[in-house]
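These notes are about the structure you will find just below.
The values are calculated or read from the model by the stated rules, or taken from the named source; none is laboratory data. Note that this is a predicted model, so its numbers are computed, not measured. Neighbour counts are summed over all protein chains in view; Cβ atoms, including those assigned to glycine, are modelled from backbone coordinates with ideal geometry.
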Amino acid sequence: MNVFNQKLFLYLNSFAGQSEVLDSAVVFTAETLGIVLLIALVVFLLSHEHTERSGFFGMMRRGVGKGFHNIIVILASGAIAWGVARLIKTGFPVDRPFDALDSVVPLFEPSSSGAFPSAHAAFFAATATALYFYHKKLGVIFFVLAIAIGIARIVSGVHWPVDIVGGLILGMVIAIFIYRLYALLMGCKKKHNA
C-alpha cells in the first residue's frame, strides 16, 4: 500500500468517532446525499428549460427535444461509470481500509466488497462531468459535491484516497467518451436524415 495513500487515509479517518454529530453528517454525506442529489437532478432535468421545449413536460406535449437527449447522456454516463467501476472491482479486488487495517472501524457497512475504484465517485464524477456539458455552473456544483461524497467515504473508513481519485478520473473519462460518442452519433443521424 502506498505510504502517502495510507497516511492521508489515516488522517481523514481520524475525524471519525470524534462526535456523533460529525459522524452522522459524514454518513449522510457518504450514503444519503448522493440519493438526494440524484433525485434533485432528475427533477431539475425533467422540469428545466433546455431549449424552446420546456423539459420533460414540454417534451411530452411537443415531442422529444434536446432536454431529453441531455438526460440520456447525463444518466447514461453515470450508469456506465458505475458499471465499469463494479467490473474493475470484481476483476482486481483491493481490500477496503477496514479489512486491511485492524484499527479501522467503518461508520457504516458498504454494500459490496472491493475498494478500487469507488463506484460512488465514478458515478457522481461522470454525472457531474456530463452535466457540465449542458449546465456549467450546476456541473461544477455537482462535481464539488461528488468530491465531498468521496471524502466522506474516506472519513467513514470504507475507501482509500486512491479509490476516490481513481473513481473520479474514471467517471470523467467515461462521461467525456459518452458525450462525444453521442454527439458523433447524433451528427451522423442528422447527416443521414438530411
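Numbers below:
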read-out: Members of region 16-29 that are surrounded by fewer than 16 Cβ atoms within 10 Å (Cβ to Cβ) and either farther than 15 Å from V104 by Cα or aromatic (F, W, Y) (or both); value: S19, E20, V21, L22, S24, A25, F28
read-out: Residue identified as in contact (Cβ under 8 Å) with a residue 12 or more places away in the chain, surrounded by 24 or more Cβ atoms within 10 Å (Cβ to Cβ) and among the aromatic types (F, W, Y) among F98, F124; value: F124
read-out: Segments classed as helices (runs of 4 or more DSSP H), wholly inside region 3-105, with at least 1 members that are small (G, A, S) and either at pLDDT 90 or above or at positive phi (or both); value: 20-27, 33-47, 55-62, 66-91
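Residue-by-condition table, conditions (1) crowded, with 24+ Cβ neighbours inside 10 Å; (2) more than 16 Å from the chain's Cα centre (by Cα); (3) in contact (Cβ under 8 Å) with a residue 24 or more places away in the chain:
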| site | (1), (2), (3) |
| --- | --- |
| V104 | no, yes, yes |
| E109 | no, yes, no |
| A148 | no, no, yes |
| P161 | no, no, yes |
| I174 | yes, no, yes |
